[in-house]
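I'd like to ask you about the structure that follows.
FYI, it's all coordinate maths here, none of it is from the lab. Note that the structure is a prediction, hence the values are computed from the model and not measured. With ideal geometry, Cβ positions are generated from the backbone for all residues, glycine too; neighbour counts draw on all protein chains shown.
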Amino acid sequence: MPGKLKSPKELEALHKKLAKGLETDKARVSVCNGTACRPYGSNPVVEAFKAAIDKKGLADKVEFKVTGCHGFCERGPIAIVEPGNIFYQKIKPEDVPEILDKTVLNKQVISRLLFKEPITKAEITAQADLPFYKNQRRIILGNNVRIDPTNIEDYISIGGYSALAKALFDYQPTQIIDIVKQSGLRGRGGGGFTTGVKWESCRNAHGDIKYVIVNADEGDPGAYANEGLLTGNPHSVLEGLIIGAFAIGSHQGYIYVRNEYPLALKNITNAMEQARKLGLLGKNILGSGFDFDVRVNRGGGAFICGESTALMASLEGKVGEPRAKYTHTVEKGLWDRPSDLNNVETWANIPLIINNGADWFKKIGTPTNTGTKIFSLTGKVNNTGLVEVPMGIQLRDIIFNIGGGIREGKKFKAVQTGGPSGGCLPESMLDMPVDFDALTKVGSMMGSGGMIVMDENNCMVDIAKYYLSFLEEESCGKCVPCREGIKRMRQILNDITSGAGKESDLPLLEEVGHCLRDSALCQLGGSAPNPVLTTMQYFREEYIEHIKLKKCRAGVCKDLITFSITEEKCPDCGMCVKACPAEAITAVGKRKPVVLDQAKCIKCRTCYEVCKLGAVKIE
Amino acid sequence: MKDAVTAIIKKYGNDKSQLVSILQDIQSEFNYLPRAALDKVSKKMDIPQSQVFALATFFRAFSLKERGKHIVNVCLGTACHVRGGELILDSLQRQLGVTTGGTTADHNFTLESVNCMGCCATGPVVKIGDEYFGHMTNEKVEPMLNKYK
Amino acid sequence: MKCVNWGLLRLSELVTLSINGNKYTAEKGQYILQVARAHGIKIPSLCNLDAVEPYGACRLCIVEITRENRKRIVTSCLFPVEEGLIVETDSPRVIGNRKMLLDLLLARCSENKVIRQLADEYGIEKSSFEKEYWTKENCIVCGLCARVCEQVVGVSAISLVNRGITKGPASPYLESAKACIGCGSCFYACPTGAIKMEDKEGYRYIYNWRIKYKLQKCTICGIEWAPEKQLEYIRKKWNLPKGFFDVCPNCR
């Protein structure tokens, strides 16, 4: 690696040299080894490529890149072969030699590994043509495919750190703030506060020492957008942070990474070391005279630490309890000093805005919600993964065009956005634009970008109970409404889902919910009732069924359902008999259906899962 | 043990604000937070015992009890929940004969749950050590565990 | 935030605010609760004590404020006064929320006298929540014991441990609190009588922290007037001669 870069010219020279390296005739294979591809076995695929390239002596003919998340996690492990933008999915290590022989060396496409349109069965070769990608606008995530996140040269080769050079040498700090303000960028962590205004307040706050912080404590269960970004393109976040520090007048930054993200932690730590070596971080950055350094802190496994004041308490080495924000953290934050905290995704937007200008950014999205937003599209949708869409897109577009609709031809029931602070929206709201204000208006939230799709087999009362159980455990326990209120609401929902609910439970839930909204100390408590209140608003009939008819239409609430075996459909194959962990199913005799003993049944659903003929019925 | 703890504290320059990271490193070293190590931290860094204990009990990542050789982590994030993550946890509890947080008698497994590990698209997910298992079903639980027996 | 000595800030900026329709002058930096109490306006609160920094845990001191024509609920123990602020301490929204908070506390502390009395004041007969879920706690986790121990006594012998519904004050590792000097500040600070302290047969017991300390006997009158450990702590801190506390304050 070259030594310290002492001027923007030296950076530009390095960029040119590295960019030239990209203009080769060499084939390129880029394999996703993001966290979500790993459960599918992407590691063995990567190893297989390395071994095969070595064995076949192809090192001069093919450039092999292990990258972060490509987004289409559902189809992992994934590889893209250039030229041709050929998208291979669900690759196994056995497929690797064939990919090298046929596609890389002879430009033949292996149709077995292509994505097939679920309905028309048409094969799609190029990544850009897949409906999953075609309908997105991947200004931030798009680069994940092009770079090895552990190599700073890859980032520089595609123009990385040029925005930093521009910011340091072409602009005054206040000009940068103006550009960010003009871009209309709003905080991607969920609150949606205007980033430029926040920066300005922090810059103007009294004090010589100021801090900038990356909030990478993505605790929202079911959301992993920040993980994908920090793991797949750590330098973009770091570059944004350094620019922000310069604009605000800070010389020390912190990156607070969630404990459950070991790969993100590794990649950002590595990125910082490399940036330091190249003089992009540390003293006298690029010869500008500006000093700035960063420290990484690991979270300890607490959802509440995503809240800015709790995160700062944790950075100070204390228990992650939030405090009232009547004095803003931009004035009195970490160690009572002015501190600007932004989400991973917010920081990653900064280099793009500096390089392309506020007007370019404003053209994406809507006038009050500019730019793109990354969502982790998960749950009962066909194409799960990380998607990046322009703000203002309709929910329906995301779920049906990009997400490819509901799995197994089932019926859409609800979409949850904003995690434990958000709400569940019904079918009738699918034409709503996705932006900060619209989502808040209907009782949900943008949050950090979780988007969980639910179908007819999901019980909305159970979902509300799930979020409350989550919050009950994650509440810091400091204030009465959050600590006691969530527990009581969860107990009421327990009663409802176990058949002991009363009609008076519903107004009581609402009353506690409103008290939490009004009087909880922080946003975790204040927004905790959202999943309950929205499901009660949009799916009230399910609550009433649970209470009055003792019925769970989705077949989820264990105390309200029974499993039985339909005689006509049962082939007496014995699969369920073998699989049942409670020995509740017995075979009566040859060619006779099996019998399920209700007294022994623990409702674990195993029989339902193993029966290929749908003979197991849930009522 | 004391040397290892001293080295960890030194690595962080005796910085009190790095207490969470220091406890993390101690846990990586010993697989849990041994009492003697915590006392050492308290003494060496001049942090009241009560504060170290508060921190160790506040964060979910820390364990004050000795844990098994393999940590089985079941994801209960929302994306895993809607695809039946709890049923996988039930199944693991049955097969290991312990409840969440428990360690098997042979000290081979400790069963824990986590609220999301950032690979939601592949839920339900279980992680054993550093290895991830996606799209889990009740049926896959036994063969998965057998790999570690 | 450090405790501010208001006496030194006499020259600081003054602001005018309205509480329940009456105008008051206060110093910038004061909290609503302080100003209200100084003027005899009653706002209930359990977790606030002048000697320690405000914490905002019990939420009973919530009030409704109007700023820029927008109404909002804030915690009066933490909200700094400002010019033109309009405060209502008993608006219907405040009362509604406060009642729910007491309802929740009542379900937790179903037999606690302090909570019962507050609930009576707000006309709450019994908690709205299912009786089978009520608990008989006395502690409301206001943290005063731990905060006094840290901020006033300066020994941090105890702390709030765990989180969420299991959070509560405890001694380290739930063993006898080694750093405790037995001064009993926690006992006096506790608003709900959740700390059990007793002086008996020459010893001080604080059962919550599992301590039993010998009491110092006055060499003159013979009364057992303070734990030896506490006196030793003070003696060392102020560099007093050995035997300084052999005699009780009354006999000195």
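Hey, any idea what the orientation-averaged projected area of the convex hull of the range A:152-362's Cα atoms comes to, in nm²?
10.6 nm²
Given a cut-off of under 8 Å on Cα pairs at least six residues apart, what relative contact order in percent is computed for chain B?
20 percent
Per q in 0.11, 0.19, 0.26 Å⁻¹, report the Debye log10 I(q)/I(0) for the range A:366-455, using one uniform scatterer on each alpha carbon and no solvent.
These q points yield log10 I(q)/I(0) values of -0.25, -0.77, -1.50.
What distance in nm lies between label points placed 7 Å from Cα along the C-beta direction at residue C:113 and residue A:98?
Those two pseudo-labels are separated by 8.2 nm.
Turning to a different aspect of this structure: Can you give me the Kirkwood hydrodynamic radius for the range C:94-133, using every pair of distinct Cα atoms, in Å to one decimal?
For the range C:94-133, the Kirkwood estimate is 9.9 Å.
Of all the C-alpha pairs in the range A:161-273, what % are more than 21 Å from each other?
Pairs farther apart than 21 Å: 39 percent.
Give me P(r) over the range C:89-234, computed from all C-alpha to C-alpha distances, binned every 5 Å, as integer percentages.
2, 9, 16, 17, 15, 13, 10, 8, 5, 3, 1, 0
Using DSSP, restrict attention to beta bridges with both residues in the protein assembly as shown and report what percent are antiparallel, rounded to the nearest 5.
Antiparallel bridges: around 70 percent, rounded to the nearest 5.
If each of residue A:432 and residue B:43 carries a label point 7 Å out from its Cα toward its Cβ, how far apart are those two points in nm?
5.8 nm
Which GluC sites (Glu not before Pro) from the range C:83-125 combine a DSSP loop assignment with at most 11 other Cβ atoms within 10 Å?
Passing both the DSSP loop test and the Cβ count: C:83, C:125.
What percent do you get for the relative contact order of the range A:381-486 when only Cα pairs under 8 Å and 6+ apart count?
So the answer I get is 26 percent.
Another question, then. Over chain B, what per residue volume does the convex hull of the Cα atoms give, in whole Å³?
Taking the convex hull of the Cα positions in chain B, it is 116 Å³ per residue.
Further question: How many nm is it between the label spots at residue A:172 and residue C:188, if each spot is 7 Å from the Cα in line with the beta carbon?
About 5.8 nm, to one decimal.
Per residue, how much space in cubic angstrom lies within the convex hull of the C-alpha atoms of the range A:460-549?
71 Å³
Per q in 0.14, 0.23 Å⁻¹, report the Debye log10 I(q)/I(0) for the range A:82-183, using one uniform scatterer on each alpha carbon and no solvent.
-0.76, -1.29
Kirkwood hydrodynamic radius, computed over distinct alpha-carbon pairs, for chain C: how many Å, to one decimal?
20.7 Å
Specify which residue in the list A:587, A:458, A:432 is farthest towards the positive end of the charge dipole of chain A, using unit charges on the beta carbon of Lys, Arg (+1) and Asp, Glu (-1), about the Cα centre.
The listed residue farthest towards the positive side: A:587.
Moving to a separate point now. Determine the sum of side-chain charges near residue A:509: Lys and Arg each +1, Asp and Glu each -1, restricted to other residues whose C-beta is under 12 angstrom from that of residue A:509. Working shown, then result.
Details: positive: A:465, A:488, A:490, A:502, A:540; negative: A:495, A:503, A:505, A:510, A:511.
Net charge in that neighbourhood comes out at 0.
Mind listing the long-range amide H neighbours of residue B:109? Cut-off is under 5 Å, sequence gap 5 or more, other chains count too, H placed in the peptide plane at 1.01 Å from N.
Hits under the 5 Å cutoff: B:69, B:70, B:104.
Hey, with R₀ at 35 Å, roughly what FRET efficiency would residue A:363 and residue A:6 work out to, going by the Cβ-Cβ distance, to 0.05?
According to the calculation, E is roughly 0.45.
What would the Debye formula give as log10 I(q)/I(0) at q = 0.05 Å⁻¹ for the alpha-carbon point model of chain A, no solvent?
Here log10 of I(q) over I(0) equals -0.25.
Once every DSSP H run of n ≥ 4 in the protein assembly as shown is given -39500 (n - 2.57) and the sum is divided by its residues, what mean residue ellipticity at 222 nm do you get, rounded to the nearest 500 deg cm²/dmol?
When only DSSP H runs of four or more count, the value is -9500 deg cm²/dmol.
Residues with beta-carbon under 13 Å from that of residue C:138, excluding residue C:138: net charge, scoring Lys, Arg +1 and Asp, Glu -1?
+3
Hey, could you get me the Stokes-Einstein D for the range A:24-136, Kirkwood radius over alpha-carbon pairs, 25 °C and 0.890 mPa s, rounded to whole µm² s⁻¹?
Answer from the Stokes-Einstein relation: 175 µm²/s.
Can you compute the FRET efficiency between residue C:82 and residue A:573 using 1/(1 + (r/R0)^6), with r the Cβ-Cβ distance and R0 = 60 Å? Round to the nearest 0.05.
With a Förster radius of 60 Å, E is 0.20.
Quote to one decimal, in nm, the extra length available between residue A:564 and residue A:537 on full extension: 0.36 nm per residue of separation minus the C-alpha distance between them.
Using 0.36 nm per residue and subtracting the Cα-Cα distance, I get 6.4 nm.
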